[in-house]
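Read the structure below first, then the notes.
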Amino acid sequence: MTHYKNSLGYFTSLVESLEQIPTIGKKSAQKIAYTLAIENKHLALKLAYCIENTIHYIATCKNCGAICEGEICEICLDDKRDNGQLCVVLHPKDIFTIENIGDFGGKYWVVQNAMDKTTDKAMDKIDFTFLRARIVKNHINEIIFAFSPSLANETIMIFIEDKLQDLNLTFSKIAQGVPTGIGLENIDQLSLSRAMSARVKL
């Protein structure tokens with residue numbers, strides 16, 4: 001069996017690469033690899049083309065940190081979303097989750113530099129000068145923290161609130177119906193929608 005596996009170097013390499021994708025185990029990786037290599041080579045070529053383009057053209061918005069295909073994302077460019085609310089998320093992928101609900105009409109800010117870190121040194125990487133200028137320019141009056149509950153995330157919220165306390169803002173966070181330690185992408189849309197609607201002031 002080992003000799004047979006070693007003779008399929010390209011296939012094995014594909015399986016091992018697919019296994020590195022979150023939530024894909026060895027069996028799923030083998031099924032996907034077989035589909036791409038044998039059953040649907042057209043899909044494999046299309047997938048390779050899409051991946052190459054994504055690597056070359058996808059970046060993060062210089063304004064908010066969301067994923068985009070230019071310097072500034074469509075959400076930041078949309079004047080209709082200037083409702084005075086700024087939703088703070090940990091990861092760019094969290095914006096997809098909230099946008100799928102369709103209830104939020106404001107803009108976003110990603111604090112990825114502080115992601116999974118709780119030390120002041122790590123959070124000092126946040127460019128508060130730029131953030132403050134954006135808050136004033138866009139007439140932001142409410143900061144909404146869309147974080148899943150955890151001690152680390154509470155620390156980040158307190159740190160950001162302290163840095164912005166002189167701007168006379170309202171600070172709120174999504175309701176605690178969101179399970180502790182669970183990423184936003186793993187929460188059903190109804191629960192997240194209710195958590196956003198029932199957000200509480202800090």
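The values are calculated or read from the model by the stated rules, or taken from the named source; none is laboratory data. Note that this is a predicted model, so its numbers are computed, not measured. With ideal geometry, Cβ positions are generated from the backbone for all residues, glycine too; neighbour counts draw on all protein chains shown. Protein only, heavy atoms only, side chains kept; ligands, DNA and RNA dropped before computing areas. Shrake-Rupley method; radii C 1.70, N 1.55, O 1.52, S 1.80 Å.
Laid out as a table, the results:
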item	result
Any chance ASN6 is of a type outside the set (Phe, Trp, Tyr), modelled with pLDDT under 95 and either loosely packed, with under 11 Cβ neighbours inside 10 Å or within 25 Å of the chain's Cα centre (by Cα) (or both)	yes
Single residue of region 146-196 satisfying the filter (charged (D, E, K, R) and in contact with a helix residue (DSSP H, G or I) (Cβ under 8 Å, 6 or more places away or on another chain)) that is modelled with the highest pLDDT	LYS163
Tally of residues being farther than 25 Å from LYS93 by Cα and surrounded by 14 or more Cβ atoms within 10 Å (Cβ to Cβ) across region 35-49	2
Close pairs (7 angstrom Cβ cut-off, 6 or more residues apart or separate chains): free of Cβ contacts under 8 Å to residues at least 40 places away in the same chain and more than 15 Å from LEU36 (Cα to Cα) in region 10-23, β-branched (Val, Ile, Thr) and surrounded by 11 or more Cβ atoms within 10 Å (Cβ to Cβ) anywhere	none
Residue check for CYS73: in contact with a strand residue (DSSP E or B) (Cβ under 7 Å, 6 or more places away or on another chain) and surrounded by 14 or more Cβ atoms within 10 Å (Cβ to Cβ)	no
Residue that is modelled with the highest pLDDT, among those in region 76-90 that are open to solvent by 40 Å² or more (accessible area, probe 1.4 Å) and part of a loop (DSSP other than H, G, I, E, B)	ASP78
Which listed residue, of ILE32, ILE98, ILE21, ILE58, is surrounded by 15 or more Cβ atoms within 10 Å (Cβ to Cβ), within 20 Å of the chain's Cα centre (by Cα) and among the hydrophobic types (A, V, I, L, M, F, W, C)	ILE98
Candidate set from region 94-135 (those that are more than 18 Å from CYS76 (Cα to Cα) and among the basic types (Lys, Arg)); member that is modelled with the highest pLDDT	LYS125
Long-range neighbours under 9 Å by Cβ, at least six apart or interchain, first residue open to solvent by 30 Å² or more (accessible area, probe 1.4 Å) within region 131-159, second aromatic (Phe, Trp, Tyr)	GLU154/PHE147
